[in-house]
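In what follows, a single structure is set out as C-alpha cells and then discussed.
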Amino acid sequence: MAKPERNVYRCQACGHKSPKWLGRCPECGEWNTLAEEKEAPKRASAAFSVPEPLSKVHSAAGGRVSTRMGELDRVLGGGVVMGSVVLVGGDPGIGKSTILLQAASRMPGPTLYVSAEESAEQIKARADRLRIDEGPIVVLPEISLEHILAETRSLNPSALIVDSIQTVYTDELSGAPGSVGQVRESAAKLMRFAKTTGVPVFIVGHVTKEGMIAGPRVLEHIVDTVLYFEGHRGQTFRILRAVKNRFGSTNEIGVFEMTDAGLAEVENPSELFLAERPVNVSGSVVAASMEGTRPLLVELQALVSASTYSVSRRSSLGIDFQRVGMILAVLEKVAGLHLAATDVFLNVVGGLKLEEPAVDLAVCAAVVSSLREKPVPPEMFTFGEIGLSGEVRAVNHAEARLKEASKIGLKRAVIPRGNRDKLKGKAYGLEILGVKDVHEAMETLFS
Ligand code: TYD
Ligand code: MG
C-alpha cells in the first residue's frame, strides 16, 4: 500500500498553511477559516505537460446530451456537455432532488442517482409521486465517494447525479462530510472523474443559511456550470438560473411550476407572471424584458408615499438599486417630480431579477403612476433605456419583445422612437407609440 499523503490545513482567507487544525489563523487572525486539504504529491518530471500548438489539440468529444427537459436544456446551453460537472444549488426543499430525478428518468438509461441523504425507498416514493418512467434510473444510497466512483465506473451511466455534495465524503481527508475541505475535495474528484470518463455529473448543493462556507459557493470555481434553483415559499413557480457556464451563456433562465406531480415546465412564462396583475391600479406596469434570448413580460410595481421619517426610504426588489436611484434622479431633475420627501418601493412581481436597462422606462412609468395615482391602461406595456438627460434610448431585441406582448394579448406599446423607426411600419398587431424622452413617455402613458 502506498503511504497515505500528508494532509495540511489552509486558511481560506489568506492561504496560510498549517500542519494541524487551528481555530484561528496565526497569519491573518481570522477565526474558523482553516480547512483540510490534501498535500499535492510530488510529480516526476515526466508527468509535466509540454507546450503544443493549439491547432494540433484534439477537440474534446464534448458532445451534448439532452436531458429531455426543455427548460433545463435551455439553461445548460442546449443539453448537458459530456464530461462536464454541473452544480445545482438552492435552498433545502426548493426542488433540486425533484428536477434531477425527473431528468434522470428522461435521459437515455442507465442514469445513476446517488442518494447520500435519502434511502432508496424514499427515492422510490418520490418517483411514484412524480409518476415518472423508472426504467432508466439506477439508485445507489451511498456516502463514500470512492465507492460511488467505483460503482459508476462499472455501470458507465449516461449521467451521474450526486445528491448531495454536503453528505458525501472522501477517505483521503479526515474531516466530516459537509466540511469545506470535504466538499471541495469531493467536487474536485468528481470533476477529474467526469473529465477522464466523459460521464456528465450533476451535483446537488444546498445553500446553507449560516453563511455559504461549506455550500455551493466554495465549489463555483471548481465545477463547469453552476445553476441556482430559486423560488419563493408559498409560490409554486421556480426559476433555474445559470450563474456560471463554461459551455453556454449565463443569461438564460428556465421556468418551472411545482405541481402535485413534480416540476412542470412553463413554456409561456409571460402568462404566468402576469396572471394576477391587478387591473386599473396605479403603480403597476408591464415591462417587456429579455432573459437571455427569451422575451419575458413582467409586472413591475411601485409604491410612492409621503415619508414619515426625516430620511426618505428607498427599496427595490428585483432591480438594481443604483439604477433605480439614477432613474429617480432623472425624474426629479428632468421631469420636475418631487420625490425627495417620499418613500419609494419597487418590486418585480414573481421574484424575478431584471438586469437590463431596457426596463428603465417601466420603472419610470410605475413610479409616476403611483405618485400621481393614475393607472397605466392594462393593455399597455413599455420598454426603453433612459439616459441621464432624460432621453429614451433604443434597446436591442425590440421585435422579439413586441411579438411576445402581442402573443399574450397586449395592445399598445410605448417604446423608444429609435426602435419604432427601425420597425419600418411593422406592428405585430400592436399600436406602436414611439417616444424620444421621459416627458413624451409620461404624456403617452398617462394621457
Ligand atoms: P425536493 O426536490 O425534495 O427539494 P430539495 O431536494 O431541493 O431539498 O422537493 C421538496 C419539496 O417539493 C417538498 O416541499 C414537496 C414538494 N414537492 C411537490 O410539491 N410535488 C412533488 O411532486 C414533489 C416530488 C415534491
Ligand atoms: Mg433533496
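The values are calculated or read from the model by the stated rules, or taken from the named source; none is laboratory data. Note that this is a predicted model, so its numbers are computed, not measured. Cβ coordinates were reconstructed from backbone atoms using ideal geometry, including for glycine residues, and neighbour counts include every protein chain displayed. For the accessible areas, the whole protein counts, side chains as well, though only heavy atoms, and no ligand, DNA or RNA atoms are used. Shrake-Rupley method; radii C 1.70, N 1.55, O 1.52, S 1.80 Å.
Residues whose amide H falls under 5 Å from that of Val435, counting only those 5 or more places apart or on a different chain, are Ile415, Arg417, with hydrogens built in the peptide plane. Using equal-weight Cα scatterers in the Debye expression, the normalised intensity of segment 272-446 in log10 at q = 0.10, 0.13, 0.16, 0.19 Å⁻¹ is -0.33, -0.56, -0.87, -1.25.
Computed on segment 272-446, with alpha-carbon pairs under 8 angstrom and 6+ residues apart, the relative contact order is 25 percent.
Taking 0.36 nm per residue of sequence separation and removing the Cα-Cα distance, the Lys244/Glu267 pair yields an extension gain of 6.0 nm. For the chain, with all protein chains present and a 1.4 Å probe, just round the carbon and sulfur fraction of the accessible area to a whole percent. Carbon with sulfur: 53 percent of the solvent-accessible area.
Here the contact order of segment 64-267, divided by its residue count and restricted to Cα pairs under 8 Å and six or more residues apart, works out to 28 percent.
Remark: spin-label model distance Ala176-Ser406 equals 6.1 nm, labels positioned 7 Å along the Cα→Cβ axis.
Taking 0.36 nm per residue of separation and subtracting the current Cα-Cα distance, fully stretching the chain between Ala341 and Arg192 would add 47.8 nm. The calculated FRET efficiency for the pair Arg372 and Lys426, based on their C-beta separation and a Förster distance of 41 Å, comes to about 0.80.
Taking amide H as placed 1.01 Å from N in the peptide plane, Glu252 has its amide H under 5 Å from the amide H of Ala242, each at least 5 places away in sequence or on another chain.
The length gained by stretching the chain between Asp133 and Arg6 to full extension, at 0.36 nm per residue less their Cα-Cα distance, is 41.1 nm.
When only alpha carbons are used to place a centre, segment 123-202 and segment 89-106 end up 14 Å from one another. Working note: 222 nm ellipticity from helices only, DSSP H runs with n ≥ 4, each -39,500 (n - 2.57), summed and divided by the residues of the chain, gives -7500 deg cm²/dmol to the nearest 500. Accessible surface for the chain, divided over its residues, is 47 Å² per residue with a 1.4 Å probe. Between Ala120 and Ala306, the simple spin-label model (points 7 angstrom out along Cα→Cβ) gives 7.0 nm. Roughly what % antiparallel, to the nearest 5, for the DSSP beta bridges in segment 272-446? Within segment 272-446, antiparallel bridges account for around 55 percent of the total. Among beta bridges identified by DSSP and lying wholly in segment 64-267, the antiparallel ones come to about 40 percent.
For the chain, Cys364 have no disulfide-compatible partner, since no other Cys C-beta lies under 4.7 Å from theirs. With both residues required to sit in segment 23-155, DSSP beta bridges show an antiparallel share near 40%. Cα axis of helix 180-197 to longest principal axis of the chain: angle in degrees, 0 to 90, nearest 10? Roughly 80 degrees between the two axes. Sorting the segments 217-228, 325-336 by their residues' average number of neighbouring beta-carbon atoms within 10 angstrom, most packed first, yields 217-228, 325-336. Segment 326-357 and segment 401-425 have Cα centres lying 23 Å from one another.
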